[in-house]
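Have a look at the structure below, then the notes.
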Amino acid sequence: MSKATDYLQHVYSVIEKRDPNQPEFLEAIHDFFQTMTPVFEKHPEYIDENILERLTEPERVIQFRVPWLDDLGNSQVNRGFRVQFNSAIGPYKGGLRFHPSVNLSIVKFLGFEQIFKNALTGLPIGGGKGGSDFDPKGKSDNEIMRFCQSFMTELSKYIGLDTDVPAGDIGVGGREIGYLYGQYKRLRGSDRGVLTGKGLTYGGSLARTEATGFGLAYYTEEMLKANNSDFAGKKVVVSGAGNVAIYAIQKVTELGGKVITCSDSNGYIVDENGIDLDIVKQIKEVERGRISEYADRVSSGEYHEGSVWDAKLSYDIALPCATQNEISGEQAKLLVENGVKAVAEGANMPSDTEAIKEYQNAELLYGPAKAANAGGVAVSALEMSQNSMRLSWSFEEVDDRLKDIMKDIFAQSVKAADEYGVSGDYLSGANIAGFTKVADTMIIQGLV
Ligand code: NDP
């Protein structure tokens, strides 16, 4: 065994021993370490600095009680988290997720991924993530507001425009950010730069809502172009029907692809005529309804219960945009049988370890989450810049910057993969490019 693989195995076993009950965190670390051997072979100084053990331990973990009153006057209690993972290259930055599945393992996996994603954007932001096991589904607006106010009452003690700047994620969109910011302002005064994803009337950036989905489409287009292909005439399967999925569908369609599915946690729609996005937006953004309603309104739309990744359909490109581990090894095999040539991840860690192996065996083009979905956080950082300058850029200006950033992320991944002898492996390329930037910065800053 080489010194590099020995070191990687040693650090993994330390983490496993420390946090045996954090499966998602361990999975993210495992998949990341799988791509690190060439880096540690080339740079033994990272081993001398014990950089991986330092990087995998968050700088700070905050867990807190969130008490709130439901509409019947009963007191409810949820658990809140903020993991401030790494501030080497800038203030902690990363979303808040409200979903019943949220626990420390999930917040840590998301925070860990965020460090390298943020580094890839080229903007000065460190990595963090947070959230709560609160379930917004079925709650009234007043209940959402009371929960957000209680959550922010505690979180406000730990965030700030130069220290930690949260944003949205699953279950946290414009409505929640509005309530969170309102409470922050009452407690600490008007500091617009403390949250991103804000409404346009109080410091939000144009194109932030669209950024993750649009960015995913731009990244995928770069990946296709580099392999003598494009979206024109391609059939695309998208999972999810939330913020990322909706704007991925919009941009892919504009770029000439035909998106034939979308989904939620109950089931999926297949519409061979191409998904009618106005209907999806009406159901999901305005009515906050279920995706099954699409089939009642569009005659070519069929609704099926279960996962879209179990569907036997013929298509070219897969864009998972729902949640972690939505594609297993078996489902990845089916995806290959279905004729898929490219997968790019809008969601964080949507493909489990076995699924990634299947993509690699089948030599699919594979755009990993931390590169492909970095558009959201990139535009969040642009929102911070606009807030600091007290300026608002036009939609086109932000969109152009987003396009450039996504192209640059792809180029960095290609370059790192070439440099470390794994050409065409965009997963390794993204991990290596993000890692070396953060690791070098940490070393420059001393033992911190
Ligand atoms: P939303 O809450 O807007 O939408 C999430 C969508 O995924 C919904 O359709 C939801 O269905 C579905 N979904 C959630 N959990 C599950 C599950 N366990 N099984 C099946 N479907 C599920 O979230 P976003 O669109 O913002 O986020 C989607 C993914 O993209 C997440 O992985 C997030 O971390 C990632 N991401 C988001 C960014 C952003 O800017 N928003 C930035 C980068 C990554 P249902 O309504 O039934 O729950």
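We did not get these values from a lab; they are worked out from the coordinates using the rules stated. The shown structure was predicted, so the numbers you read here are calculated from the model rather than taken from an experiment. Positions of Cβ are backbone-derived with ideal geometry, glycine not excepted, and every protein chain shown enters the neighbour counts.
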Once fully extended, how much extra length lies between Ser190 and Lys17, figured as 0.36 nm per residue of separation less the alpha-carbon to alpha-carbon distance?
-> 57.9 nm
Before rounding to the nearest 500, sum -39500 (n - 2.57) across all DSSP H runs of length at least 4 in the chain and divide by the residue total; then give [θ] at 222 nm in deg cm²/dmol.
-> -14500 deg cm²/dmol
Of Asp48, Asp135, Asp271, the one that fluctuates the most in a GNM where the chain has Cα springs shorter than 10 Å = Asp48
With r defined as the distance between the Cβ atoms of Ser314 and Asp48 and R0 fixed at 51 Å, what FRET efficiency is calculated, to the nearest 0.05?
-> 0.45
List the longest stretch of the chain that has no exposed loop site; here a site is one of the trypsin sites (Lys or Arg not before Pro) assigned by DSSP to anything other than H, G, I, E or B, with at most 10 other Cβ within 10 Å.
-> 1-311
Once both labels are modelled 7 Å past Cα along the beta-carbon direction, what's the Glu363-Val61 spacing in nm?
-> 4.3 nm
Any idea which of Leu180, Ala88, Ile443 is furthest toward the positive side of the dipole for the chain, if Lys and Arg beta-carbons carry +1 and Asp and Glu beta-carbons -1?
-> Leu180
Under the classification rounded if a/c is under 1.5, otherwise prolate if a/b is larger than b/c and oblate if not, where does segment 236-360 fall, given a ≥ b ≥ c as square roots of the Cα gyration tensor eigenvalues?
-> prolate
Beyond 26 Å (Cα-Cα) in this structure, taken from Lys93/Lys157; Lys403/Lys437; Lys17/Lys93; Lys157/Lys198; Lys139/Lys284, we find Lys17/Lys93
If you place +1 on the Cβ of every Lys and Arg and -1 on the Cβ of every Asp and Glu, how big does the dipole about the Cα centre of segment 92-166 come out, in debye to the nearest 20?
-> 140 debye
Simple label model, 7 Å out from Cα along Cβ direction - Lys415 to Glu285, nm | 3.5 nm
Any idea what the dipole of the chain comes to, in debye rounded to 20, about its Cα centre with Lys/Arg Cβ at +1 and Asp/Glu Cβ at -1?
-> 1300 debye
